Protein chains: 4
Amino acid sequence: MPDLRVAVLGVGVMGADHVARLSTRISGARVAVVNDYVTEKAEQIAATIPGCRAVVDPLDAIADPDVDAVVLATPGPTHEKQLLACLEHGKPVLCEKPLTTDVETALGVVRREAELGRRLIQVGFMRRFDHEYAQLKALLDGGELGRALVLHCAHRNPAVPPTFDSAMVVRDSLVHEVDVTRFLFDEEITSIQIIKPAANPGAPQGLADPQIAIMRTASGRHVDVELFVTTGVAYEVRTEVVAEKGSAMIGLDVGLIRKRGDGTWGGQITPGFRERFGQAYDTEFQRWVDAVRSGVNVDGPSAWDGYAAAAVCEAGVESLNSGLPVDVTMVDRASIPGA
Amino acid sequence: MPDLRVAVLGVGVMGADHVARLSTRISGARVAVVNDYVTEKAEQIAATIPGCRAVVDPLDAIADPDVDAVVLATPGPTHEKQLLACLEHGKPVLCEKPLTTDVETALGVVRREAELGRRLIQVGFMRRFDHEYAQLKALLDGGELGRALVLHCAHRNPAVPPTFDSAMVVRDSLVHEVDVTRFLFDEEITSIQIIKPAANPGAPQGLADPQIAIMRTASGRHVDVELFVTTGVAYEVRTEVVAEKGSAMIGLDVGLIRKRGDGTWGGQITPGFRERFGQAYDTEFQRWVDAVRSGVNVDGPSAWDGYAAAAVCEAGVESLNSGLPVDVTMVDRASIPGA
Amino acid sequence: MPDLRVAVLGVGVMGADHVARLSTRISGARVAVVNDYVTEKAEQIAATIPGCRAVVDPLDAIADPDVDAVVLATPGPTHEKQLLACLEHGKPVLCEKPLTTDVETALGVVRREAELGRRLIQVGFMRRFDHEYAQLKALLDGGELGRALVLHCAHRNPAVPPTFDSAMVVRDSLVHEVDVTRFLFDEEITSIQIIKPAANPGAPQGLADPQIAIMRTASGRHVDVELFVTTGVAYEVRTEVVAEKGSAMIGLDVGLIRKRGDGTWGGQITPGFRERFGQAYDTEFQRWVDAVRSGVNVDGPSAWDGYAAAAVCEAGVESLNSGLPVDVTMVDRASIPGA
Amino acid sequence: MPDLRVAVLGVGVMGADHVARLSTRISGARVAVVNDYVTEKAEQIAATIPGCRAVVDPLDAIADPDVDAVVLATPGPTHEKQLLACLEHGKPVLCEKPLTTDVETALGVVRREAELGRRLIQVGFMRRFDHEYAQLKALLDGGELGRALVLHCAHRNPAVPPTFDSAMVVRDSLVHEVDVTRFLFDEEITSIQIIKPAANPGAPQGLADPQIAIMRTASGRHVDVELFVTTGVAYEVRTEVVAEKGSAMIGLDVGLIRKRGDGTWGGQITPGFRERFGQAYDTEFQRWVDAVRSGVNVDGPSAWDGYAAAAVCEAGVESLNSGLPVDVTMVDRASIPGA
């Protein structure tokens, strides 16, 4: 079977990573087309990949007959138009989060795909492909711990760019925990409250950091998330499920234990998301390539998952401003056959 | 110097433990008098301790000239009268929590001791004497981690007696985390909210379990506490402080690591509070005995600490009913010179 | 650049794994030819891989003009002849350990490759590609811990096939620790002693298990290895380096922490070598494919490493019989220019 | 019951610790007499303890009618004479290790006590009272792990005084692991070999450090011990038992977990033996005081245990010089009725 010919749209840090991933570590695919609004960058990258060319207009890239499937690593505001083009041309697409930048357009994408009658869109919530989350999910599904009752999460970054604002903590960081919650609990989130404690003195002026998110699911389960993006320490992601018959935790990484002359012991904390989730991205892409080649097209989070995350984050941003719990508004999934 | 002659009032499970502690492990003290409203039990225990006698009326025991100091392990509703008697007779007293059963009477005890002009009352928040909490406090005070910002706590019991109700989760379990918060952060708690997620199917009918407490301190720091008293697993108490320059956690006990043929590895979780905090009780009592013998009388949580805990728990119970955040009402400490 | 066309010789459990690896997870390579002395098995597998055919004679497969590189997963006794054929045809080869089954023939292979003047042979000591060993090596090379002094290893299997004998513990299990020692310490092992303690009652009659290997390196460093292949527990590989300024340990895997109602806590021990070292195999193969395509041919343990391991294991088997320390006999590497 | 009147002989660092222990933390005992060959030091300490006096001659202290029991913290060479005096006067004695400084005199003490027909001597192997060793022993005795097969120990000190020589590593450090082996395995050690790897560049000239001890027990079980007394890191004592149905390890202390801005995580390693084993000493003394007051006199390692440790260490020192395995020579315990 010939290699899948992929167009990668957007070759910033994340997109360039995906080009390298598809070219050197993923079996059965090759990058046929790259595109970026900085055309020089696209051309530069195309030149390093045998058989790859740069295309100026992303919609041309999607329509290109030499392109079998699309990876979207473009800025969020362009996603809606590009996703609709993929649907129109029947091209499977792996779309980095967010699906789109607001709930309304996300729902529009869900509806359009549902009308098509077949799945083409996968959203890049890569944690579902991380082996620790997969183990945790399997443990819960296996029933050994009984019904899951409470979820505690911590999402910590050492630092963020100066342009990072309080709403981005919700939209870019919390969104992962939103998907993790939905993945682990298999149900929707119905309300959310963002608490803003006294800020870290080291956080940029105006950035509410840390933030605490309190969420409730359809069956009344509680989720709390510590979001802290200026810890100065390291990238840390920790998840603990408390269930009826026990609890389980991931993210207390103890790889290499080291003892030193200053009387301390311990290991290295994973310094960044690439180190922590590199394996997850590789697995996500290999499974997506395999799914597309086999005709299934999607093997992971769907457009609905992208829509649901958007709905929760929108309520989260509202709570960030009001300080009060906000109910999450979503259409009834059953009202969209095929979603 | 002669041994301190102690009266132990109340010789139920906890009081009998304290009698044994003072008789066999604490240096410089002996149990001179025991009392219980079940007089036979007091007499039985007195018979096993050389030089100890049973006294029928707790107030007689307090007034007894052969008694230098008092340990209160009686039911909470009797504390107010017994504490006031201790103050009247100038007897140092180590009072098991709660100080009294409501905020008003707790404040009355604080005021009366303040009028005396010297400290006589120590409240039995024994976690402050646990070596892990002491290490954590020292770490925070040492400044290495910068300003503490967030506190995550988990308080889990395998099971509770059938009479345990939702308010007791607040008054008997959360009260410890209230004191830990005040101990670690050196400031008062100003508001509290109790969240009731979908209950554990295994919890007794009518018991809201788990509960999540969300607290805020005077300077705006966030505290969350998972309270889960029917885990079926073990006694687990975990505390994590997230600070400006790092974080620290206690309670992930890794004493004895064991690997087994079922392919699992791990250790034994501390099965009960005696195993977990036995050392803390011993240290608490030895330091209290030493403080009383040296004339200092108190070396630990004071009557004010008991009052403050009562005020937070009262607000907690109100929130348990309303589901809403409740402000904690406390008098200004500066208005009571000597408190 | 066209995909590397690989011949996989031997498609038993391990070889079939390699076929799957090259076909589905490794970028830039495809399996062009498979061979097995059970010809039906080779044909069966060839039928599932597009563009792959079965070849009856392994030497024909090596000589095949449609084959760019060779993977040897055949039984050890056939390695010598197959490796020499690869050298003769100038085909890069990734040879599963052992290089050959005795020291004399291993040295012959080393000499022949050295005469060629270019590296073609890589030996499959895959632990060097495991991220934990790589981290440990980097830590040592970084100098933070000073000079490494002592190495403690444990190599535990839950069970072995009934045909497993005492010498196989040395040749098949210890051989990995021999390579790890040489990898971490960058020097040769000069003596070895195998101690046979009282055997595990659960071990098959006649199998000396556990065994303890005591090794000494050229500069006098001490290595001890616990070899225990009937633990009934799980696959466990642990390595601790004790150095001048600290120590470091890998293999105490703490991925998913789970607490249960029986009062224990812990995680799942990796049940088998595929789970533990699957990533290492993938990395080994991807790097080997990349090295061959770039013309470097070898990016890992060389023929000399295979020879050195054979020399140590031969001495180990001698010590297994005598119970005494045995000096390792090796030719001087400098006497073979190009080795 | 009146407090036990104890004479503490030798008030150097360890003896002064024991005086403090008996005076402030142990219930049911008081220090009646202290003695030291530096008479001023004894007088100084006696002055701080109510009802305590200094006695110049240790034998007078033992004979003193106001002394019920004796603690020996004097230098090893004086132990024989002092122990025999204790036996002569029928005084229970807690003797810091070593029992005596050579095997012959140790055996003489064992015989003399056996002739008396009652136990009076307890040897200060305090690890048996450490809660982790006690847990490990209980785990083995409980049978869950089946028969113990192999014991791995590590004994690391950050530094030693300049007078510390290679034989002291055996006599003062290894001796604890000798007792731990005999305690956990309930059998004698029959041979020992000391391996001297290339020395730590940071170790004092002439000190063989690290050393590796290889021991074998009567039933053929294997024990290895890493002895490393100039690690520069911390006091670390780790013990792992590998048994038929699993393994268990103590000494990987994870009390307080801390994460920091330099990207590391971990805790504080116990900095010294007082922190590590302080609880063990307290428990040892409390149980000894209780045993003496109840007339049992000994509740811990006996004179025979001291003799056996001496015999193993003597063989160890011989192996240190020869580099060869040395058989341990001991009399048959059954030949000394009452031993």
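The values are calculated or read from the model by the stated rules, or taken from the named source; none is laboratory data. Everything quoted here is computed from the prediction, not taken from an experiment. Note that each Cβ is placed from the backbone with ideal geometry, even for glycine, and that neighbours are counted across all protein chains shown.
Filtering the stretch C:103-118 down to residues that are farther than 17 Å from C:Arg171 by Cβ and among the acidic types (Asp, Glu), which residue is surrounded by the fewest Cβ atoms within 10 Å (Cβ to Cβ)? Checked the stretch C:103-118; the qualifying residue surrounded by the fewest Cβ atoms within 10 Å (Cβ to Cβ) is C:Glu115. Do we have B:Glu80 as assigned to a helix (DSSP H, G or I), away from chain D (no Cβ under 14 Å) and free of Cβ contacts under 8 Å to residues at least 12 places away in the same chain here? When the stated conditions are applied, B:Glu80 does not pass them.
For every residue, the table says whether it meets (1) surrounded by 21 or more Cβ atoms within 10 Å (Cβ to Cβ); (2) without any contact (Cβ under 8 Å) to a residue 24 or more places away in the chain; (3) outside the structural domain of A:Gly246 (by TED's automatic domain parsing).
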site	(1), (2), (3)
A:Leu94	yes, no, yes
A:Thr101	no, no, yes
A:Leu120	yes, no, yes
A:Pro162	no, no, no
A:Asp172	no, yes, no
A:Gln193	yes, no, no
A:Pro197	yes, yes, no
A:Pro201	no, yes, no
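Inspect the stretch C:183-206 for any residue being part of a helix (DSSP H, G or I), within 30 Å of D:Pro158 (Cβ to Cβ) and in contact with a strand residue (DSSP E or B) (Cβ under 7 Å, 6 or more places away or on another chain) and give the result as yes or no. Looking through the stretch C:183-206, at least one residue is part of a helix (DSSP H, G or I), within 30 Å of D:Pro158 (Cβ to Cβ) and in contact with a strand residue (DSSP E or B) (Cβ under 7 Å, 6 or more places away or on another chain). Which one is farthest from the other protein chains (Cβ to nearest Cβ), of the residues in the stretch D:117-168 that are of a type in the set (A, V, I, L, M, F, W, C), in contact with a helix residue (DSSP H, G or I) (Cβ under 8 Å, 6 or more places away or on another chain) and assigned to a helix (DSSP H, G or I)? By that ranking, first place goes to D:Ala167. Among the residues of the stretch B:83-102, those identified as within 23 Å of the chain's Cα centre (by Cα) and assigned to a helix (DSSP H, G or I) are B:Leu83, B:Leu84, B:Ala85, B:Cys86, B:Leu87. If you go through the stretch A:194-210 and keep only what is of a type in the set (S, T, N, Q) and either at the interface with another protein chain (Cβ under 9 Å from one of its Cβ atoms) or closer than 19 Å to A:Ala248 by Cβ (or both), you end up with just A:Asn200. Counting only helices (runs of 4 or more DSSP H) that sit completely within the stretch B:7-70, those holding 3 or more residues that are within 14 Å of another protein chain (Cβ to nearest Cβ) and at pLDDT below 95 correspond to B:13-24. Within the stretch D:10-39, residues that are on the phi > 0 side of the Ramachandran plot reach partners that are polar (S, T, N, Q) and not in a strand (DSSP E or B) with beta carbons closer than 6 Å, at six or more positions or on different chains, in the pairs D:Gly10/D:Thr74.
Of everything in the stretch A:247-257, what is modelled with pLDDT of 80 or more and out of contact with any helix residue (DSSP H, G or I) (no Cβ under 7 Å at 6 or more places or on another chain)? Give them in sequence order. Hits for the stretch A:247-257 are A:Ser247, A:Met249.
So that you can scan it fast, the table gives a plain yes or no per residue for (1) closer than 19 Å to C:Leu94 by Cβ; (2) over 15 Å from the mean Cα position of the chain (by Cα); (3) among the β-branched types (Val, Ile, Thr); (4) outside any helix (DSSP H, G or I):
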{"residue": "C:Phe285", "(1), (2), (3), (4)": "yes, no, no, no"}
{"residue": "C:Asn297", "(1), (2), (3), (4)": "yes, yes, no, yes"}
{"residue": "C:Gly300", "(1), (2), (3), (4)": "yes, no, no, yes"}
{"residue": "C:Ala315", "(1), (2), (3), (4)": "no, yes, no, no"}
{"residue": "C:Asn321", "(1), (2), (3), (4)": "no, yes, no, no"}
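Scanning the stretch D:283-339 for residues that are of a type in the set (Lys, Arg) and assigned by TED's automatic domain parsing to the domain that holds D:Leu116 gives D:Arg287, D:Arg293. Taken together, C:Leu87, C:Leu4 contain a single residue that is of a type outside the set (Asp, Glu) and within 14 Å of chain A (Cβ to nearest Cβ), which is C:Leu4. Residue check: C:Ala309 meets all listed conditions (1) at pLDDT 85 or above; (2) under 22 Å from C:Cys95 (Cβ atoms) but one, namely (1).
All of (1) modelled with pLDDT under 95; (2) farther than 18 Å from B:Ala310 by Cα hold for B:Ala85 with one exception: (1). When the stretch A:204-220 is filtered for residues that are surrounded by 21 or more Cβ atoms within 10 Å (Cβ to Cβ) and out of contact with any Lys or Arg (no Cβ under 7 Å at 6 or more places or on another chain), the ones remaining, listed by number, are A:Asp209, A:Pro210, A:Ala213, A:Met215, A:Thr217.
Conditions (1) part of a strand (DSSP E or B); (2) touching a His at 6+ places or on another chain (Cβ under 9 Å); (3) under 22 Å from A:Arg238 (Cα atoms), marked per residue:
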| residue | (1), (2), (3) |
| --- | --- |
| B:Ala208 | no, no, no |
| B:Arg216 | yes, yes, no |
| B:Leu227 | yes, yes, yes |
| B:Gly232 | no, no, no |
| B:Val237 | yes, yes, yes |
| B:Val241 | yes, yes, yes |
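At positive phi, at the interface with another protein chain (Cβ under 9 Å from one of its Cβ atoms) and either modelled with pLDDT of 95 or more or not in a strand (DSSP E or B) (or both): does that describe C:Gly220? So C:Gly220 fits the description; yes.
Of the residues making up the stretch A:54-71, those that are over 15 Å from A:Val292 (Cα atoms) and touching a Leu at 6+ places or on another chain (Cβ under 7 Å) are A:Pro58, A:Ala61.
Of the numbered criteria (1) touching a Gly at 6+ places or on another chain (Cβ under 6 Å); (2) of a type in the set (A, V, I, L, M, F, W, C); (3) at pLDDT 90 or above, the one D:Phe183 fails is (1).
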